[in-house]
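One structure is given here, and the rest of the page talks about it.
The values are calculated or read from the model by the stated rules, or taken from the named source; none is laboratory data. Source: prediction; values computed, not measured. All accessible areas refer to the heavy atoms of the entire protein, side chains included, with ligands and DNA or RNA removed. Shrake-Rupley method; radii C 1.70, N 1.55, O 1.52, S 1.80 Å.
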Amino acid sequence: MTLEDEQLNNPLHGLKLDTLLNEVYDHYGWEILAEYTNINCFKNKPSIESSLKFLRKTEWAREKMERFYLYQFKNLPKADDEQYEIPPRLRVIPARQKPKDPAVLILGQAPIPTIRSSNFSDNKPSSQGRDSRSNSSKGSYKDKSEQGFARRTEKPERSKPANASSNPYSDSPK
């Protein structure tokens with residue numbers, strides 16, 4: 001089976017980014033796109049042209065938008081961990097999975113983003129989202145900053161030579 005045969009069932013196959021963005025915008029609008037994708041080009045003075053320009057230049061944003069298109073707009077089942085590592089336009093979508101009606105998304109009810117990456121030691125998605133990084137067992141931000149401050153202040157001060165001038169540039173060539 002060739003790559004082209006595998007991609008025949010992929011809703012992204014042959015779909016231009018312009019068409020994808022127009023379909024999603026026409027159905028959901030900028031507010032839903034901004035909240036559910038968390039991409040700034042949908043938050044600050046959004047337009048089709050500026051969003052297309054940003055999405056074409058920024059690979060992570062384009063992949064995020066393609067994921068939104070597949071799993072919210074086309075309402076396909078979520079990808080497993082193996083398929084998640086592959087960019088959305090290259091994922092193999094089984095022939096038995098057919099696109100459904102777009103998911104109903106309500107403004108103000110976007111889920112907290114979860115981290116799905118192989119960077120974690122247990123290779124499992126974080127159930128706490130972004131907040132899990134700040135709640136580490138090493139102490140809070142304030143504790144860390146106080147420790148850093150204590151380290152800086154505990155350094156012994158060097159005594160200045162008696163003949164040192166107050167001008168730090170006095171030794172520089174003229």
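If the chain linking residue 56 and residue 23 were pulled fully straight, counting 0.36 nm for each residue of separation and taking away their Cα-Cα distance, it would gain 10.2 nm.
Give 16/78; 43/64; 16/57; 53/98 a once-over and call out the pairs whose C-alpha atoms are over 25 Å from each other.
Values: 16/78 22 Å; 43/64 15 Å; 16/57 15 Å; 53/98 30 Å.
Beyond 25 Å between Cα atoms: 53/98.
Want the number for residue 103 to residue 86: 0.36 nm per residue separation, take away the alpha-carbon distance, what's left? It would help to have the intermediate numbers written out before the result.
Working: separation 17, 0.36 × 17 = 6.12 nm, distance 2.30 nm.
Separation in residues times 0.36 nm, less the Cα-Cα distance, equals 3.8 nm.
In the complete set of protein chains, residue-level accessible area for residue 54 is approximately 70 Å², probe 1.4 angstrom.
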